[in-house]
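First comes the structure, then the notes that go with it.
Please treat every number below as a calculation from the coordinates, not as lab data. What you see is a predicted model, and the numbers here were worked out from it, not measured in a lab. Using ideal geometry, Cβ is built from the backbone for each residue, glycine included, and neighbour counts are taken over all protein chains shown.
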Amino acid sequence: MEVSEVIKERYSCRKFLNKEVDKELLFECIELGKQAPSSKNTQPWKICVVKGNPLKLLVDDLVKAAKEKQPFSPDYSFEPKKLPEIQQQRAKKCGHDLFKLKGVGRDDMIKRNAHMLENFEFFGAPVVIFAYLDKSIQGDCSKGMYLDAGLFIQNLWLSIRNSGLEACVLYSVLLYSPLIRKYTMIPENTEIICAMAVGYPDNEAVVTTFRTEKMELSEFVTYIED
Ligand SMILES: Cc1cc2nc3c(=O)[nH]c(=O)nc-3n(C[C@H](O)[C@H](O)[C@H](O)COP(=O)(O)O)c2cc1C
């Protein structure tokens, strides 16, 4: 595929088929992902790929934690308490449009809850990739490391899409990072920064037709010339 086509057609897939993902194909995507640039070529990202029984056990624990409303324990604060107004509006519209497509009513707590739990099931994906960063000697992660990792994750996502697979990056599951560590053995002196559900899309599911609106250039580009 043309790069422009892969970029335009990438979307967050929220329903996967229970279909095996070839390890070689996945590793080809990771090989391409690792070509990402990083400050001073530090390449701070690390990933852990989980599938099969360990993933099933993790999903069971995550769903249980979410149902029981167990206390959250994310490694880092991935969202500010209050977004700027315009971003709040976009987030609201995204949720509203997704619920409308899925037929989830405003006050339908049963369907809303079911939707929330689908996150903790990684939307049925047969493979999940956790990205994490080693903490610095000072015991934290610099903002630049998140930027480097973001470039890697997007490279990986586009490579995944180009291979015929789909993906969805998730923050929500990070709320229970100790459970993720239990099944992945990701070391303690790290920050788990996101999960990525990977697999073949269930194109019969209405949710896989969901596409988001992107802003106009005039909303974010400042162009200065003489
Ligand atoms: C860092 C990050 C975290 C995300 N976390 C979630 C999540 O927990 N649950 C979910 O359904 N989608 C999640 N998404 C998907 C976004 O909602 C999605 O990227 C956004 O709405 C734009 O849609 P698109 O990816 O289809 O272009 C996440 C995306 C990113 C980049």
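Quick rundown of the values:
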{"quantity": "Spin-label proximity, Y171 to segment 191-208 - amide N less than 14 Å from point 7 Å beyond Cα toward beta carbon", "calculated": "193-195"}
{"quantity": "In order through segment 197-211: 3J(HN,Hα) via Karplus (6.51 cos²θ - 1.76 cosθ + 1.60), integer Hz, x for Gly, Pro", "calculated": "7, 9, x, 8, x, 8, 6, 7, 7, 4, 5, 6, 8, 5, 10"}
{"quantity": "Ratio Rg/Rh, restricted to the chain and using Cα atoms, in which Rh is the Kirkwood radius", "calculated": "0.96"}
{"quantity": "Amide H partners (placed H, <5 Å) of L17, local residues excluded", "calculated": "Y200, D202"}
{"quantity": "Fewest-first sequence of M196, M185 by Cβ atoms within 10 Å of each Cβ", "calculated": "M185, M196"}
{"quantity": "Loop-located chymotrypsin sites (Phe, Trp or Tyr not before Pro) in segment 139-226, at most 11 other Cβ atoms within 10 Å (DSSP)", "calculated": "F220, Y223"}
{"quantity": "Pairwise label distance in nanometres, E24 with M185, each label 7 Å out on the Cα-Cβ vector", "calculated": "2.7"}
{"quantity": "Whichever lysines have a C-alpha closer than 17 Å to that of K67, once near sequence neighbours (fewer than 8 apart) are set aside", "calculated": "K56, K111"}
{"quantity": "At least 20 Å along the helix axis (C-alpha) and Kyte average at least -1.0, DSSP helices within the chain", "calculated": "52-67, 143-162"}
{"quantity": "Mean ellipticity per residue at 222 nm, deg cm²/dmol - from DSSP H runs of n ≥ 4 across the chain, formula -39500 (n - 2.57)", "calculated": "-13000 deg cm²/dmol"}
{"quantity": "Cα centroid of segment 178-208 to Cα centroid of segment 107-128, whole Å", "calculated": "13"}
{"quantity": "Candidate lysines for bridging to K214, where Cα separation is under 21 Å - those fewer than 8 sequence places away on the same chain excluded", "calculated": "K8, K92, K93, K100, K102"}
{"quantity": "Taking T209, T184 and counting other C-beta atoms within 10 Å, the order from fewest to most", "calculated": "T209, T184"}
